[in-house]
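Some notes on the structure that comes next.
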Amino acid sequence: MTFSSSLSVVEFYLLRRFPIPYGLYLMFVSILAGFWGQFFIRKMTTILGRASIIVFILASVIFASALTMGIVGIDKSIKMIHNHEFMGFLDFCSSQ
């Protein structure tokens with residue numbers, strides 16, 4: 001993943017579509033959040049004495065993201081149906 005994302009950053013930079021200040025800001029925030037999260041999880045496993053808390057946190061994040069994606073998708077679909085927009089579905093008998 002690191003290789004492909006790094007190549008994407010290089011590609012966007014070469015195409016002059018990469019805002020350097022915004023990229024540096026996001027890099028700084030992600031490094032800070034990574035260190036803070038590692039410190040917090042290490043402290044939690046020390047206090048609780050169980051490494052399984054990592055699995056529960058990961059499962060909670062995956063569940064929350066799946067739930068959020070589902071809600072946002074349903075909301076967008078309802079708006080598209082209400083506005084009679086094309087959603088990419090064709091009839092079985094259509095020639096396209």
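Inspection of the range 57-80 finds no residue satisfying the criterion of being open to solvent by less than 100 Å² (accessible area, probe 1.4 Å) and in contact with a helix residue (DSSP H, G or I) (Cβ under 6 Å, 6 or more places away or on another chain). Given the structure, is Phe89 in contact with a helix residue (DSSP H, G or I) (Cβ under 6 Å, 6 or more places away or on another chain) and either at pLDDT 95 or above or assigned to a loop (DSSP other than H, G, I, E, B) (or both)? The answer is no for Phe89.
Annotation: of all residues in the range 40-56 being in a helix (DSSP H, G or I) and of a type in the set (Lys, Arg), the one that is most open to solvent (accessible area, probe 1.4 Å) is Arg42.
Evaluation of Tyr22 against the conditions (1) of a type outside the set (Lys, Arg); (2) farther than 17 Å from Val9 by Cα; (3) exposed (fewer than 10 other Cβ atoms within 10 Å of the Cβ); (4) modelled with pLDDT under 90 shows that the sole unmet condition is (2). For the range 30-39, check the following and say yes or no: at least one residue is out of contact with any Cys (no Cβ under 9 Å at 6 or more places or on another chain), part of a helix (DSSP H, G or I) and among the hydroxyl-bearing types (Ser, Thr, Tyr). There is at least one residue in the range 30-39 that is out of contact with any Cys (no Cβ under 9 Å at 6 or more places or on another chain), part of a helix (DSSP H, G or I) and among the hydroxyl-bearing types (Ser, Thr, Tyr).
The values are calculated or read from the model by the stated rules, or taken from the named source; none is laboratory data. Bear in mind the structure is a predicted one, so any value in this text is a computation, not a measurement. Glycine also receives a Cβ, built like all others from the backbone with ideal geometry; neighbour counts cover every protein chain displayed. In case anyone asks, the SASA skips ligands and DNA or RNA and just uses the protein heavy atoms, side chains included. Shrake-Rupley method; radii C 1.70, N 1.55, O 1.52, S 1.80 Å.
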